[in-house]
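The values are calculated or read from the model by the stated rules, or taken from the named source; none is laboratory data. On a predicted model such as this, the values are computed, not experimentally measured, just so you know. Every residue, glycine as well, gets a Cβ built from its backbone with ideal geometry; the counts of neighbours run over all protein chains shown.
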Amino acid sequence: MNVNDPVKNFTSFPEYSKWEPFATTPAEEVARFRDKPLDFAPGEKWSYSNSGYLLLGYLIEKITGGNYETFVRENIFTPLGIQDSGYHSNSAVTARRASGYSLAKDGLENAGFVHMSIPHAAGALYSTTGDLWKWEQGLFGGKLLAAASLETITTPFKNNYASGLAVETKGGHKAIEHDGGIEGFATFLSYFPDDKLTVVVLGNVASGAPGEIAAKLAAVAHGEAVTLQAERKEIQVAPEVLAKYAGTYELTPGATVTMTVEGGHLMIQLTGQPKVELFAESETKFFLKVVDAQVGL
């Protein structure tokens, strides 16, 4: 699923926020995108679509005659000894369950409510770092799939994307990975097959931090030098140097970054994002403090 997926992504529909709080069924959700035109011809290009996973969960239930929750527990969790993962319920009390938060103007706020029947097979599972390690060991250890099937789902088809997995080379190391996100939570999981290294980061704030942390943990494990945000030293840069960076730059069609100098400070703003300050490490290297990110100019 999600390889070169032209099926419209139901979480991107304008009315999606109105659906989130209310219980539904897989059949009702599939009906929401079933008759909509495809975004492009199959095989033409690649686009991530949560609808693919929802459709997969629906098919599992139709074929087995049971429900997705039971199927996952009996065929994945129990055989792999996974005990602290499951299909999340909005009503059941789950021991040690984390609360989810979102970033707001004045700090954190409670994440919006979403009924778990809405994401279903596209994101209703909960887990722990330990259980996700067991999942990786089982998947790449031959306990779940035949070798030929594992090869198929980890072979990129479009833009380094395989079947629900991104396959890239990072620092000379092959990485099979994916991120995840839902209201109040963000995740990142990387597996380096040549090193038998698994990196799992779970966060209870909706942000890109897990991916950044995972990259640094992997770098440390591979013996690379990592500079933490707190270790970066801010320096003063002449106003005329900052001024030459002012302007609007196109990153991709429809996405721009605007840089301005305000009160002697270099500010940066991405399309649809708040304006934040850039701090200089040198005349050509800057970093942000609101997130752990660097910008080379």
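Tally time: how many residues in the stretch 232-246 are within 25 Å of Asp292 (Cβ to Cβ) and either exposed (fewer than 11 other Cβ atoms within 10 Å of the Cβ) or touching an Asp or Glu at 6+ places or on another chain (Cβ under 8 Å) (or both)? Total satisfying the criteria: 7.
Pairs meeting the criteria (first residue in the stretch 216-236 and part of a helix (DSSP H, G or I), second residue at pLDDT below 95, beta carbons under 6 Å, at least 6 apart or on different chains) are Lys216/Val226; Ala219/Val226; Val220/Val226; Gln229/Asp292. In the stretch 255-269 there is no residue that is within 29 Å of Ala111 (Cα to Cα) and either in a loop (DSSP other than H, G, I, E, B) or aromatic (Phe, Trp, Tyr) (or both).
When the residues of the stretch 122-133 are filtered to those that are surrounded by fewer than 19 Cβ atoms within 10 Å (Cβ to Cβ) and of a type in the set (S, T, N, Q), the one that is farthest from Asp194 (Cα to Cα) is Thr128.
If only residues of the stretch 34-92 that are assigned to a helix (DSSP H, G or I) and among the aromatic types (Phe, Trp, Tyr) are counted, the one that is farthest from Ile118 (Cα to Cα) is Phe77.
Yes or no, residue by residue, for (1) touching a helix residue (DSSP H, G or I) at 6+ places or on another chain (Cβ under 6 Å); (2) surrounded by 14 or more Cβ atoms within 10 Å (Cβ to Cβ); (3) within 30 Å of Glu224 (Cβ to Cβ):
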position	(1), (2), (3)
Ser99	no, no, no
Gly107	no, no, no
His115	no, yes, no
Trp135	no, yes, yes
Lys170	no, yes, yes
Ile176	no, yes, yes
Gly181	no, yes, yes
Lys196	no, no, yes
Val201	yes, yes, yes
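Looking across the stretch 88-118, the residues that are in contact (Cβ under 8 Å) with a residue 12 or more places away in the chain and in contact with a strand residue (DSSP E or B) (Cβ under 6 Å, 6 or more places away or on another chain) come down to His88, Gly100, Tyr101, Ser102, Leu108, Ala111.
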